[in-house]
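Enquirer: Okay, here's the structure, questions in a sec.
The numbers here are math on the coordinates, done by the rules we state, and not lab data. For clarity, every value in this text was computed on a predicted model and none was experimentally measured. Note that each Cβ is placed from the backbone with ideal geometry, even for glycine, and that neighbours are counted across all protein chains shown.
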Amino acid sequence: MDFIVSVFVGTSTKPVSGTKGGNVTLTCESEDREITHISLFHQSKNIPVCENEECESGRAFKKGSCDIIIKDLIFSDAGKYILRVHYTNTPEPQMEYHLQIHDDISVKKGEPLKLDVLLSNADKVERNSSEGWTEVWTRGHGVNSDRLTDHDGNLIINEFTANDTGTYRVLDSEGETLITVSVTGERTSVDDFKECSSLKYRVHKSGHPYVKFP
């Protein structure tokens, strides 16, 4: 799925939303007149921008006069972007964006859940529960449970349970959301067996003569 955000010169930072694996468009809305080149920065690092989608040297490319498309989004793409449009003999306008990335994950109970969300600009990770948002990881302190570990940029739930389902969000030091992940639990063969056994027991107790099971 592609997302487009329009940012006008002179405005404050604008939010941009994208889905992991999808594309996002940063629309510059600058005048198409004598543009010499454009510059894109993410976390103070210069991002190479290809002239078209066929370029194989990166995932950011130009569309139209100065719109930027970032394709095949990954979590580390989240955060602040600065776009500068350079004109001949004219001060360069600067536009700022904040990119938030979302993903959906389904996990079987008892299996480990690995979330590669501990970015260099991540300050904390929270989970939405019945009590609201609660911290599960903070920079400088690590995880808040023996069931969790952090390793090499990953937040790991060692044995996933139904209580671990919900939405997880990653915030930067300014409280801006970088990543949201919706986690659901998959049914296992054990769940199906228990449900089938329970149904057989209820039918047996009711004495219904017309229900047959394999």
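Enquirer: Past the 22 Å Cα-Cα mark, which pairs from 20/80; 20/124; 62/124?
Expert: Cα-Cα > 22 Å for 62/124; rest within.
Enquirer: How much length is gained on full extension from residue 56 to residue 19, taking 0.36 nm per residue of separation minus their Cα-Cα distance?
Expert: Numbers: separation 37, 0.36 × 37 = 13.32 nm, distance 2.15 nm.
Residue separation times 0.36 nm, minus the Cα-Cα distance, leaves 11.2 nm.
Enquirer: Are there trypsin sites (Lys or Arg not before Pro) in the range 14-102 that DSSP puts in a loop and that have at most 13 other Cβ atoms within 10 Å, and which ones?
Expert: Values: sites: 20, 33, 45, 59, 62, 63, 71, 80, 84; in loops: 20, 33, 59, 71.
Here the trypsin sites (Lys or Arg not before Pro) that fit, given the DSSP loop and packing criteria, are 33.
Enquirer: Using the Cα centre of the range 36-101 as the reference point, and only Cβ charges (+1 on K/R, -1 on D/E), how large is the resulting charge dipole? Debye, rounded to the nearest 20.
Expert: For the range 36-101, the charge dipole is close to 200 debye.
Enquirer: Along the charge dipole of the range 77-116, which of 83, 102, 115 sits closest to the positive end, that is, farthest toward it, with unit charges on the beta carbon of Lys, Arg, Asp and Glu (+1, +1, -1, -1)?
Expert: The Cα lying farthest towards the positive end belongs to 115.
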